[in-house]
Every structure is written in structure tokens, then in C-alpha cells.
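The values are calculated or read from the model by the stated rules, or taken from the named source; none is laboratory data. Just so it is clear, the model here is predicted, and its values are computed rather than measured. All Cβ positions, even for glycine, are placed from backbone atoms using ideal geometry, and neighbour counts span all protein chains on display. In case anyone asks, the SASA skips ligands and DNA or RNA and just uses the protein heavy atoms, side chains included. Shrake-Rupley method; radii C 1.70, N 1.55, O 1.52, S 1.80 Å.
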Amino acid sequence: VLFRSHVSCCNIFYSITIKIMKFETELKKGIFLVGKCPKCNKVTWPPSDYCNICFGNLEWKESSYEGKLIEFTKKNDESFCIAEIDEGIRIMGTLIVNLSKPEVGSKIRLEKCGLKDGNYSFVIRMI
């Protein structure tokens, strides 16, 4: 019985690792994937194999890349922000400011995503 539990745990770990690897592989290509549960319609973040509400299997789709500005700050000549995309996913990244001044709630677009030094990297532009 103990052996079966161990195998089950390993299979779950393996499955989650594969999904995160898929997410990161696509992220390296500049594609942001979103996991959505078909049972309860919840978007899940961070990347996972299962819904964090009902534990259903997730379906993966490409992000809409658009959302709103939640918070922002500036250090020297560089701006940073927290943005919300795809029904509640919040990401932090570099903010590219156009001619207008950033305001909470402003529309944004995830312009670039990837991995930099082993960390998720996002460039967000005001639209």
C-alpha cells in the first residue's frame, strides 16, 4: 500500500512538472499560456495541472495579452508595474509608458514574455 501511494505521488509530481515545463517552453517562445478549468470556469495561476478551486484538469489556451494596470512605480528612468490579464492573472514586469501618464486601471498589453536568468520576464505596454 505504501508503494502505491508513492507511485501515485510521483505520477502527480511528474504530471505537474511536465505542465510547468510546457508553460516555460512556450514562454521562451514569447507565448503566454493560461490554464482554465472547464468544470468551474476558473483561470488558474501560477501554472498548474489542476484547478485550485475544484481540482479539475485544466485546459491550456493562449493569453489574450490584454488587461489593466493594477499598480506602478518608477525607479530612475525605468517604470515597473503589476498588471492583471486574462480574468485575474497578475504579473509584474517592466512598464513601457507611451505619451500618457500611467493611471491605475489603464489598459495594457503584455508585449513580451520570456525567461531571463531563470525567472519569468514580462514587458507590458500601455495602450
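Across segment 59-127, the volume of the C-alpha convex hull divided among the residues equals 91 Å³ per residue. In straight-distance terms, cross-link reach from LYS75 covers every one of the lysines whose alpha-carbon lies under 28 Å from its own, apart from those fewer than eight places away in the same chain; here that gives LYS28, LYS101, LYS107, LYS112, LYS116. When PHE72, PHE55 are compared by accessible area at a 1.4 angstrom probe, the order from most to least is PHE55, PHE72. Ligands, DNA and RNA excluded, the heavy atoms of GLU66 present near 90 Å² of accessible surface to a 1.4 Å solvent probe. Spin-label model, ARG125 to LYS75: label points 7 Å out along the Cα-to-beta-carbon direction sit 2.5 nm apart. Taking all protein chains together and rolling a 1.4 Å probe, CYS51 ends up with roughly 0 Å² accessible.
Can you sort SER64, SER121 by solvent-accessible area, 1.4 Å probe, largest first? Show your work: numbers first, answer last.
Working: SER64 65, SER121 35 Å².
So the residues, ranked largest to smallest area, are SER64, SER121.
Simple spin-label estimate for LEU115 and THR94 gives 1.9 nm between the two label positions (7 Å along the Cα-to-Cβ direction from each Cα).
For ASP49, the solvent-accessible surface computed with a 1.4 Å probe is close to 10 Å², ligands and nucleic acids excluded.
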